[in-house]
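Let me begin by presenting the structure, written as structure tokens, before commenting on it.
The values are calculated or read from the model by the stated rules, or taken from the named source; none is laboratory data. The model shown is predicted, which means the values in this text are computed figures rather than measured ones. Glycine gets a Cβ as well: all are built from the backbone with ideal geometry, and neighbour counts include every protein chain shown.
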């Protein structure tokens with residue numbers, strides 16, 4: 001059954017950050033950032049910085065605004081996370097990639113979820129901070145065995161992870177910290193053309209959005225409990241034609257009157273030319289999740305809110321990509337969404353509710 005669309009639209013604000021000429025840390029792009037505000041209200045961007053050979057770091061920059069309150073550029077402030085751990089490295093390159101940051105007020109902590117490009121492909125890493133300057137790794141996320149799935153989610157690559165900013169009802173009805181994520185069923189570390197290894201009950205091999213939980217009581221006693229998740233549930237599968245290849249999470253959830261709002265991405269693939277990979281097209285949509293059961297969708301976009309149209313979105317390291325990863329809530333019910341542009345630059349778009 002097709003759900004109604006959330007009442008929102010996105011309007012481009014322009015480019016916020018692009019590679020600095022001559023900087024070896026940014027030679028292959030700046031993209032897919034996280035954002036967060038300090039207690040004094042300053043907004044910081046945490047971009048993925050890509051050096052030659054797809055070697056990725058996570059940087060830190062202060063967002064600058066023009067006289068109309070539109071993000072207009074950044075002040076670079078260095079690197080906060082390098083792929084220093086063995087589980088963030090492989091035999092070809094290394095990477096800490098595509099961070100999402102959530103401030104969890106009940107823990108008085110910023111939680112960063114990121115993709116660690118390690119020996120078996122991407123997996124989810126967590127780091128925490130009290131001040132957005134110093135970050136401490138909690139380690140890689142592990143998933144409890146769930147007999148109903150008849151598989152171990154730790155065997156699969158995973159990425160596009162982000163936390164809700166407050167406890168939500170877990171599968172047992174008790175308060176829990178929930179993380180959205182996107183497991184990938186293809187056993188690419190064995191052979192790229194292998195048949196997908198699907199969990200029990202999953203019939204669609206396409207990548208989709210899942211949610212897992214950490215009991216709030218356990219996390220209160222030890223923040224490392226955020227890395228040990230259970231109660232896994234599928235949230236959303238591809239539905240529309242612009243999601244035909246796969247979908248994944250985008251911006252961390254924000255609370256709006258109708259529920260939990262996320263801006264997600266949908267992907268389509270074109271025909272591959274001989275000897276070349278199939279071209280892809282990434283667009284952005286939105287969905288609202290039920291506050292009483294975040295695995296239940298209340299509404300979702302039927303058409304994209306943002307799709308590649310400008311030159312910077314159509315041409316770059318990977319062409320035809322808009323990839324939302326960060327959201328900054330503003331006064332008056334608006335929010336700014338920060339997104340990767342063709343895997344090369346960072347743009348911003350203003351999210352407004354349609355009256």
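Applying a threshold of 8 Å to beta carbon distances and a minimum spacing of six or more residues, or different chains, the list of pairs starting in segment 320-334 at a residue that is at negative phi and at pLDDT 95 or above and ending at one that is surrounded by fewer than 24 Cβ atoms within 10 Å (Cβ to Cβ) and in a loop (DSSP other than H, G, I, E, B) reads 321/308; 321/343; 322/307; 322/308; 323/343.
Just a yes or no: is a residue in segment 66-78 assigned to a strand (DSSP E or B), over 15 Å from residue 35 (Cβ atoms) and without any contact (Cβ under 8 Å) to a residue 24 or more places away in the chain? Taking every residue of segment 66-78 in turn, at least one turns out to be assigned to a strand (DSSP E or B), over 15 Å from residue 35 (Cβ atoms) and without any contact (Cβ under 8 Å) to a residue 24 or more places away in the chain.
Within segment 130-170, being within 19 Å of residue 252 (Cα to Cα), without any contact (Cβ under 8 Å) to a residue 24 or more places away in the chain and under 20 Å from the mean Cα position of the chain (by Cα) holds for no residue.
Scanning segment 305-319 for residues that are touching a strand residue (DSSP E or B) at 6+ places or on another chain (Cβ under 6 Å), under 13 Å from residue 265 (Cβ atoms) and surrounded by fewer than 20 Cβ atoms within 10 Å (Cβ to Cβ) yields one hit, 307.
Within segment 267-277, the presence of at least one residue that is modelled with pLDDT of 95 or more, within 17 Å of the chain's Cα centre (by Cα) and either under 17 Å from residue 324 (Cβ atoms) or not in a strand (DSSP E or B) (or both) is confirmed. Criterion applied to 116, 61 was being within 16 Å of the chain's Cα centre (by Cα) and either crowded, with 21+ Cβ neighbours inside 10 Å or closer than 14 Å to residue 326 by Cβ (or both), and the one residue passing it is 116.
Residues of segment 152-165 being surrounded by fewer than 18 Cβ atoms within 10 Å (Cβ to Cβ) and not in a helix (DSSP H, G or I), which ones? The answer is 152, and nothing else.
Of the set (1) farther than 20 Å from residue 111 by Cα; (2) out of contact with any strand residue (DSSP E or B) (no Cβ under 6 Å at 6 or more places or on another chain); (3) surrounded by fewer than 17 Cβ atoms within 10 Å (Cβ to Cβ), all apply to residue 218 but (1).
Residues that are in contact with a strand residue (DSSP E or B) (Cβ under 7 Å, 6 or more places away or on another chain) and without any contact (Cβ under 8 Å) to a residue 40 or more places away in the chain within segment 9-31 comprise 24, 26, 27, listed in sequence order. The number of residues in segment 1-50 being more than 16 Å from residue 345 (Cβ to Cβ) and in contact with a helix residue (DSSP H, G or I) (Cβ under 6 Å, 6 or more places away or on another chain) comes to 0.
Out of all the residues in segment 149-161, is one or more under 24 Å from residue 306 (Cα atoms), modelled with pLDDT under 95 and out of contact with any helix residue (DSSP H, G or I) (no Cβ under 7 Å at 6 or more places or on another chain)? Checking segment 149-161: not a single residue is under 24 Å from residue 306 (Cα atoms), modelled with pLDDT under 95 and out of contact with any helix residue (DSSP H, G or I) (no Cβ under 7 Å at 6 or more places or on another chain).
Any idea which of 95, 22, 14, 59 is in a strand (DSSP E or B), modelled with pLDDT of 95 or more and more than 29 Å from residue 141 (Cβ to Cβ)?
Details: 95 fails: more than 29 Å from residue 141 (Cβ to Cβ); 22 fails: in a strand (DSSP E or B); 59 fails: more than 29 Å from residue 141 (Cβ to Cβ).
Sole residue among the options that is in a strand (DSSP E or B), modelled with pLDDT of 95 or more and more than 29 Å from residue 141 (Cβ to Cβ): 14.
Close contacts from segment 278-302, counting a first residue that is at pLDDT below 95 and a second that is surrounded by 24 or more Cβ atoms within 10 Å (Cβ to Cβ) and part of a strand (DSSP E or B), with Cβ to Cβ under 6 Å and a gap of 6+ residues or different chains, come to none at all. The requirement of being touching a strand residue (DSSP E or B) at 6+ places or on another chain (Cβ under 9 Å), modelled with pLDDT of 95 or more, over 25 Å from residue 298 (Cβ atoms) and surrounded by 19 or more Cβ atoms within 10 Å (Cβ to Cβ) is not satisfied by residue 211.
Would you tally the residues in segment 32-58 being at positive phi and touching a residue at least 24 places away in the same chain (Cβ under 8 Å)?
Of the residues in that region, 3 qualify.
A single member of 270, 250, 259, 266 is in contact with a helix residue (DSSP H, G or I) (Cβ under 8 Å, 6 or more places away or on another chain) and over 28 Å from residue 150 (Cβ atoms), and it is 266.
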